[in-house]
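What follows draws every value from the coordinates through simple rules; no lab data is involved. Being a predicted model, the structure only gives us computed values, none of them experimental. Methodologically, a virtual Cβ is constructed for each residue, glycine included, from the backbone with ideal geometry; neighbour enumeration extends over all protein chains shown.
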Amino acid sequence: MDVKRQQTIERVDPADWPDGTPAEKAEDPDLGHDIIPAARYTSETFMKQEWEHVWTKVWLLGGRSCDIPEPGDYICTEIGKESVLIVRQGDGSVRAFPNVCLHRGNRLRPEGLGNAEHFQCMYHHWTYDWSGRITRIPDMDTFPQGCPRGGGLPPLPCEEWGSFVWFSLNRDVEPLADFLGIIPQHLDPYHMERMAWVRDVTVEWDCNWKASVDAFSEVYHVQGIHPQLQWYLDDTSAQIDVYDRHSRYLVPFAAVSARVAMPSTIPPAIDGIMRAAGMDPAEYEGRVGDIRRDVQRFKREHGPQQGKDYSELNDDQLTDDYHYTIFPNVSLNVHADDVMMFRQRPHPTDPNKMLYDIWVLELVPDGEEWPERPKHRRFCHGDRSIGQVLDQDAFNLPTVQKGMHSDAFPGLWIGEQELRIRHFHKVLDDYIYGPGGKKPGDI
């Protein structure tokens, strides 16, 4: 690895935090060194295989529970060609069903949030209740064949975890807890139910959804497109862990990358971390290399008086980025005080396009009023900024997608720092071909 100096990042002893987020390094699997075919990002055939074997089989993120607190509140979300209604029921449970009228196929609601006494199609006024059951068909006596089979829209699996609502297009899907596996144990200590919306954006990107997942699965690119972050985090000390379906990396924040010289004064980005914690950088007398540890100590000591309960988090979690990928399409940058997460959705028909959802949540201190929920915004890539770092990420992805079509580019040449990408494709293979079922010539 190209570094200018040797640096050892002090990490917590996992044995000191047996009941919280596991901090131990997972053993790296041997996934080989084969090229990952570019056709996986461009092929309509492979896109159809993903739809058949992945999107219609797994659990998918639908929205946040706090958006549907009352009976009749609903989330209308889209995945590929399908639109789904997730509705809070009178008993407090959630139900999901396809967002389509069984009469002539009209969608019952546009994508977004709302509250409804019932769902009435705007075309002929067929009406459905909160569970998707048909309650009225005008002029029912003119339908000699009777009501559509089942008397309503087919229910879809729907459950809640982690302040989020999840659904599946697969009526035989395993329980959500089984699908998530290690994720609740890892993320429950952050108590995301204490975090409020501060940003809700969808950007239309000209790339395959997997190119976006890849972009947020490694820090190897920091030296290239995010040079300013080298005075904010240590990209050379990321701990990479891959599990059954999901994966993570742990990146030290409030630290300076070993790729650059250690500055004699506090870098502006780390100055911001200190101020956000409640520290005064002007009064700090320690070394720049000690700031990460001292921010952890300060937050541990002063968190309670700030109304912030960090008791279930280890010291590293008070500064560092614990970044998780929940297969197939959710990326979470998880921090003690906030979460920046991305939902990467495939285009319904074009493997060269996708929808990139940016959700940002912030911890609300005890006793403080929750902020008003931001309005959802949707726009095309380049129409407006999504912030310096994400603009830098987004800049390359359209040209990456174009390069995937080149006859000179057979596929991804993956290094050790990109283990999560290789693991992600291995999980994808397991769903599409079955474990160990991929044959020579398969994409």
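Mean projection of the Cα convex hull over all viewing directions, computed for the range 174-311: 11.2 nm². Most fluctuating residue of 45, 265, 202 in a GNM of the chain with Cα springs under 10 Å: which is it? Greatest mean-square fluctuation among the candidates belongs to 265. Given R0 = 30 Å, the distance between the Cβ atoms of residue 408 and residue 333 translates into a calculated FRET efficiency of 0.30. Computed from backbone phi, the HN-Hα couplings of the range 364-378 come to 9, x, 3, x, 8, 6, 5, x, 5, 5, x, 6, 6, 10, 9 Hz, rounded to whole numbers (Karplus: 6.51 cos²θ - 1.76 cosθ + 1.60, θ = phi - 60°; Gly and Pro given as x). For residue 36, nonlocal amide neighbours, meaning residues 5 or more places apart or on other chains whose placed amide H falls under 5 Å from its own, are 412, 414.
Setting aside same-chain residues fewer than 8 positions from residue 299, which lysines have a Cα under 23 Å from its Cα? Within the straight-line limit of under 23 Å, residue 299 reaches these lysines: 308. Pairs over the 26 Å Cα-Cα cut-off, from the set 57/426; 210/439; 25/48; 57/81: 25/48. Within the chain, antiparallel bridges make up roughly 95 percent of the DSSP beta bridges whose residues both belong there. Full extension of the chain between residue 275 and residue 312 yields a length gain of 11.0 nm, computed as 0.36 nm times the residue separation minus the alpha carbon distance. Taking label positions 7 Å along the Cα-Cβ direction at both residue 3 and residue 28, the computed distance is 1.4 nm, reported to one decimal.
Per residue, the chain reaches -5500 deg cm²/dmol at 222 nm when only DSSP H runs of four or more residues are counted, each adding -39500 (n - 2.57).
Based on alpha carbons, the Rg and Dmax found for the range 59-172 are 13.9, 47 Å.
Using 0.36 nm per residue and subtracting the Cα-Cα separation, the extra length available between residue 103 and residue 366 on full extension is 89.8 nm.
Sort the range 302-369 into rounded, prolate or oblate with this rule: let a ≥ b ≥ c be the square roots of the eigenvalues of the Cα gyration tensor; rounded if a/c is under 1.5, and if a/c is not under 1.5, prolate when a/b is larger than b/c, oblate otherwise. Since a/c reaches 1.5 and a/b is larger than b/c, the shape of the range 302-369 is classed as prolate. Dipole of the chain (Lys/Arg Cβ +1, Asp/Glu Cβ -1, origin at the Cα centre): which of 51, 68, 282 lies farthest to the positive side? Positive-end residue among those listed: 51.
Of the residues 170, 93, 146, the one whose Cα sits farthest towards the positive end of the charge dipole of the range 59-172 is 146 (charges of +1 on Lys and Arg Cβ, -1 on Asp and Glu Cβ, taken about the Cα centre). Residue by residue, the range 312-322 carries 3J(HN,Hα) couplings of 8, 9, 7, 4, 4, 5, 6, 10, 8, 8, 9 Hz when phi is fed to the Karplus relation 6.51 cos²θ - 1.76 cosθ + 1.60 (θ = phi - 60°); x denotes Gly or Pro.
Return the FRET efficiency for the residue pair residue 185, residue 123: r is the Cβ-Cβ distance, R0 is 45 Å, and the value is rounded to the nearest 0.05. Using R0 = 45 Å, I get an efficiency of 0.45. Taking every alpha-carbon pair in the range 294-407 and binning the separations at 10 Å intervals from zero gives 11, 32, 31, 18, 8, 1, 0 percent.
For the pair residue 135 and residue 81, a Förster radius of 45 Å applied to the C-beta separation gives a FRET efficiency near 0.95, rounded to the nearest 0.05.
For residue 164, the amide hydrogen comes within under 5 Å of the amide hydrogens of 65, counting only partners 5 or more places away or on other chains and with H modelled in the peptide plane. When the Karplus curve 6.51 cos²θ - 1.76 cosθ + 1.60 is applied with θ = phi - 60°, which whole-Hz ³J(HN,Hα) does each residue of the range 15-27 get, with x for Gly and Pro? Values, residue by residue: 5, 7, 9, x, 9, x, 5, x, 10, 5, 6, 7, 5 Hz. Taken over the range 1-103, the alpha-carbon convex hull comes to 258 cubic angstrom per residue.
Taking amide H as placed 1.01 Å from N in the peptide plane, residue 83 has its amide H under 5 Å from the amide H of 99, each at least 5 places away in sequence or on another chain.
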